[in-house]
C-alpha cells in the first residue's frame, strides 16, 4: 500500500471568547432550544481544555475483555485580560439589583450558558468549537498596585462543560483541515448562536427563509 504523508497545521493563536446564556425552563432545567444573544469578547490570553474521561476495564474468562470509556465533562480554564463584570456576576449566580447593587456569595444555583472558542492555525486554518451546556465553577479576582511600567493583571475563569443531549455529547466542533468542512461556513455564522446538531449547522450556513 502507498504511504500518505500529512502535514497538519500548527496553532497560531487563540481567537475571541463567545458565550450565550441559556434561557432555562421554569423548573430550572437546561433548555437546549432557548438561548439569549451571543456575546463576543476579544479578551482571551490562553485556553486550557481538559476532558474528564473515566475508563473501566471489563474482565471476562480471566482476561481483559474490553475497556469502557466515558467522558463526563470538560474543563476550560480561560485566562482573560478583562471580562464584562455584569456577565461575570450573572455567571456566578449573584443577585443583581435594579439600582446597581450586587449581592454575592449566597448558595444559589448558577445559570447554564454556551461557551465558544476559536483556534486559528498557520495558513488560515481554523477550528470552531461550541460547548452548549456550561457553568462557571471557579474564577480568580486579583489586583496589584501599579508600578512604573504597565503590567498585565489577568484573571482566570474555569468553565465546566456538561453533556447537552441524551447521547452524552459535550462539544460541537468543525475544523477547516477536514475534507468535509462545510462550504460557506465562517466564524460569524458558526458563533451567531449555539450549534447543537446537524440542523443547526445547516441553518447557520443557509438560514431558513
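The values are calculated or read from the model by the stated rules, or taken from the named source; none is laboratory data. In this text, all values refer to a predicted model and were calculated from it rather than measured experimentally. Positions of Cβ are generated from backbone atoms using ideal geometry, with glycine treated the same way; all protein chains shown enter the neighbour counts.
Looking only at segment 74-118, which residues are touching a residue at least 60 places away in the same chain (Cβ under 8 Å), assigned to a loop (DSSP other than H, G, I, E, B) and closer than 17 Å to residue 23 by Cβ?
Hits for segment 74-118 are 109, 111, 112.
Restricting attention to segment 101-112, report how many residues are in contact with a helix residue (DSSP H, G or I) (Cβ under 9 Å, 6 or more places away or on another chain) and within 30 Å of residue 181 (Cα to Cα).
0
Output the number of residues of segment 194-205 satisfying the condition of being out of contact with any strand residue (DSSP E or B) (no Cβ under 6 Å at 6 or more places or on another chain), surrounded by 15 or more Cβ atoms within 10 Å (Cβ to Cβ) and in a loop (DSSP other than H, G, I, E, B).
0
Can you tell me which residue is surrounded by the most Cβ atoms within 10 Å (Cβ to Cβ) among those in segment 76-91 that are in contact with a strand residue (DSSP E or B) (Cβ under 6 Å, 6 or more places away or on another chain) and within 21 Å of residue 108 (Cα to Cα)?
Residue satisfying both the conditions and the ranking: 91.
Just for segment 146-188: of the residues that are at pLDDT below 90 and closer than 23 Å to residue 44 by Cα, which one is nearest to the chain's Cα centre (by Cα)?
Among residues in segment 146-188 that are at pLDDT below 90 and closer than 23 Å to residue 44 by Cα, the one nearest to the chain's Cα centre (by Cα) is 155.
Looking at segment 167-181, which of its residues are under 19 Å from residue 114 (Cβ atoms) and either without any contact (Cβ under 8 Å) to a residue 24 or more places away in the chain or assigned to a loop (DSSP other than H, G, I, E, B) (or both)?
Once the filter is applied, which keeps residues that are under 19 Å from residue 114 (Cβ atoms) and either without any contact (Cβ under 8 Å) to a residue 24 or more places away in the chain or assigned to a loop (DSSP other than H, G, I, E, B) (or both), segment 167-181 yields 167, 168, 169, 170, 171.
Which of the residues belonging to segment 119-142 are crowded, with 20+ Cβ neighbours inside 10 Å and more than 19 Å from residue 21 (Cβ to Cβ)?
126, 128
Could you say which residue among 191, 115 is at pLDDT 95 or above, under 21 Å from residue 52 (Cα atoms) and either surrounded by fewer than 19 Cβ atoms within 10 Å (Cβ to Cβ) or out of contact with any helix residue (DSSP H, G or I) (no Cβ under 6 Å at 6 or more places or on another chain) (or both)?
Among 191, 115, only 115 is at pLDDT 95 or above, under 21 Å from residue 52 (Cα atoms) and either surrounded by fewer than 19 Cβ atoms within 10 Å (Cβ to Cβ) or out of contact with any helix residue (DSSP H, G or I) (no Cβ under 6 Å at 6 or more places or on another chain) (or both).
Which members of segment 45-55 meet the condition of being at pLDDT below 80 and surrounded by 10 or more Cβ atoms within 10 Å (Cβ to Cβ)?
Correct list: 53 only.
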